[in-house]
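Structure record follows, encoded as structure tokens.
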Amino acid sequence: MDTENKEAWGSRIGLVLAMAGNAVGLGNFLRFPAQAMQNGGGAFIIPYLVCFVLMGLPLLYVEWAMGRFGGKNGSHSTPFMFGSMGRSFLWKYVGVMGLFISVGICSYYTYIEAWTISWAYHSAMGHFMGMSQEQVAAFFSTFIGLGTPEPVLIWIACVALNTWILSRGLQGGVEVAAKIGMPLLLLFGIVLAVRGATMSAGHHGALYSGVLGLNYLWTPNFTSIWDPVVWRNAAGQIFFTLSLGMGSIHCYASYVKSKDDIALNAMSAGWMNEFVEVVLGSAIIIPIAVGYLGVDKVVEMTKGGSGFGIGFMTLPYLFTQWGPLLSALSGIMWFGLLFFAGITSSLAMGTPVMAFLEDHFGWKRRSGALAFGLAVLALGVPSVLSQEAFNEFDYWAGTIALVVFSLAEIILFAWVFGMEKGWKEITDGSDMKVPVAFKYIIKYVTPVFLLVVFVGSMPEIWATLTKKITTHVAVARLLMVSLFGGITWLVYLANKRRATL
């Protein structure tokens, strides 16, 4: 250990809320409903839950265990955490991905946070009242298409807010934000979910009751349940929803005490995320949108599976059908919960970078937070200026890298570090009995699961790499390669520094 990192969690509830905030992100409320609508409603839920048990929970156990093990050895970020578990010095360079992914995703994720703040303001001011659905959609397209400086200025403010909270440390910053943001997110979500589920046909212009959307979600269509695309999309959603393969869980877990119950903590954070996603996330967009537009129209509108279109272009228009006051309140709650979901996740992405600089270069947390904020601003410019660059960062840093990193960490944990030692790390200090089946799932099932997902993505990866690219895409790729190279160089310097101490 180069310097003594004195960060620590103030309370167990603060840790669990911060971990849940890390996992509960924009994907819970936007991507999950869109994926569910696109993949057969109830037919999506079954493979989704299977993927959660066979891939999500095992990786949660692994990342919590790796984090606590690294913390006991003075490492709070994945490069030297991996280095302490692997037999080869190369593992620390594999761990570079944990920092690369955090910075890469945060560079465009904070831009989406800016959208939520702006849309909450426009909702509160009643700017969507009187607009048609097409006009709201056009307004949003102009908003993100460099038609106004508003999103850029708010994005800079969002990055500054993230930086300031991170500079306050774990207890005074991240934990406080989680204790404020998560309860408000749950409150807003419950209010909107009740409103969506209790909608009646003919009330405020709705064509159908909110129950129609819920029925679609919870009625399995067994004719499509064996479609491999549905399973691939379900596995992908698990990555998004649990923030797996990003390095943030490792970092948060590295600050727990050596005998803390990480198994229960992992389960608590994981199941809280599932409640928010499956119960609240699906009970807002789907009942409201289906109530006004019908199932077929909503399925058509969610093509692509991101949920941004229906969340930012359609829902504000549907809220206006409820009258000025309820429309304003609903808009504030909807975009407010999206903001809290976003910022609690982006704070988790910044923590590993700060920990790395503090551990291995002796930086103070304020300096580390500022460095992270400046890196996010520099890398985020292409995403702000071009939707193509935005999609490029999301594809490589926010999708492919997650699978590759998760596959690497499960191999390191189960096969290099050793499953016997790994299982002891998972269960040490546990108040709950972890089913022994997970010992074999982690070693055999999860790696195969991840390998199948990765191999299945290879044709798409190859097609993406070989297609003709624009200048914006080229700049985005150059920045990502430079980011990875820069972090690798810093790890090399840190390693030399450790050798001389």
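The values are calculated or read from the model by the stated rules, or taken from the named source; none is laboratory data. Computed from a prediction, not measured in an experiment: that's the story for all the values here. Neighbour counts run over all protein chains shown; Cβ positions are idealised from the backbone, glycine included.
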Among the numbered criteria (1) in contact (Cβ under 8 Å) with a residue 40 or more places away in the chain; (2) touching an Asp or Glu at 6+ places or on another chain (Cβ under 8 Å); (3) surrounded by fewer than 19 Cβ atoms within 10 Å (Cβ to Cβ), which single criterion is violated by K364?
-> (1)
Would segment 165-178 turn up any residue that is out of contact with any strand residue (DSSP E or B) (no Cβ under 8 Å at 6 or more places or on another chain) and outside any helix (DSSP H, G or I)?
-> yes
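Residues are listed down the side, and each one gets a yes or a no for (1) modelled with pLDDT of 95 or more; (2) loosely packed, with under 14 Cβ neighbours inside 10 Å; (3) touching a strand residue (DSSP E or B) at 6+ places or on another chain (Cβ under 7 Å); (4) not in a loop (DSSP other than H, G, I, E, B):
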| position | (1), (2), (3), (4) |
| --- | --- |
| L370 | yes, no, no, yes |
| F438 | yes, no, no, yes |
| L451 | no, no, no, yes |
| F454 | no, no, no, yes |
| A463 | no, yes, no, yes |
| R477 | yes, no, no, yes |
Of the residues in segment 431-445, how many are farther than 12 Å from Y61 by Cα and touching a residue at least 60 places away in the same chain (Cβ under 8 Å)?
-> 3
For segment 307-343, enumerate the residues that are within 14 Å of I284 (Cβ to Cβ), in contact with a His (Cβ under 8 Å, 6 or more places away or on another chain) and of a type in the set (G, A, S).
-> G331
Select, from V290, V256, the only residue that is part of a helix (DSSP H, G or I) and touching a Phe, Trp or Tyr at 6+ places or on another chain (Cβ under 8 Å).
-> V290
Given the conditions (1) in contact with a Leu (Cβ under 9 Å, 6 or more places away or on another chain); (2) modelled with pLDDT of 95 or more, report the number of the one that G86 does not fulfil.
-> (2)
Restricting attention to helices (runs of 4 or more DSSP H) lying wholly within segment 1-69, give those where 1 or more residues are under 26 Å from K297 (Cα atoms) and within 20 Å of the chain's Cα centre (by Cα).
-> 32-38, 42-51
Specify the residue that is surrounded by the fewest Cβ atoms within 10 Å (Cβ to Cβ); the eligible residues are those in segment 301-320 that are touching a Pro at 6+ places or on another chain (Cβ under 9 Å) and of a type in the set (G, A, S).
-> G307
Would you check which residues across segment 108-136 are assigned to a loop (DSSP other than H, G, I, E, B), of a type outside the set (A, V, I, L, M) and in contact (Cβ under 8 Å) with a residue 60 or more places away in the chain and list them?
-> G126, F128, G130, S132
A careful count of residues in segment 293-340 that are over 20 Å from the mean Cα position of the chain (by Cα), in a helix (DSSP H, G or I) and of a type in the set (G, A, S) gives 4
If we scan segment 186-194, do we find a residue that is part of a helix (DSSP H, G or I), touching a residue at least 60 places away in the same chain (Cβ under 8 Å) and under 19 Å from the mean Cα position of the chain (by Cα)?
-> yes
With respect to F390, is the statement that it is out of contact with any strand residue (DSSP E or B) (no Cβ under 8 Å at 6 or more places or on another chain), crowded, with 24+ Cβ neighbours inside 10 Å, farther than 27 Å from R497 by Cβ and hydrophobic (A, V, I, L, M, F, W, C) true?
-> no
Does segment 80-94 include one or more residues that are among the small types (G, A, S), in a helix (DSSP H, G or I) and under 20 Å from the mean Cα position of the chain (by Cα)?
-> no
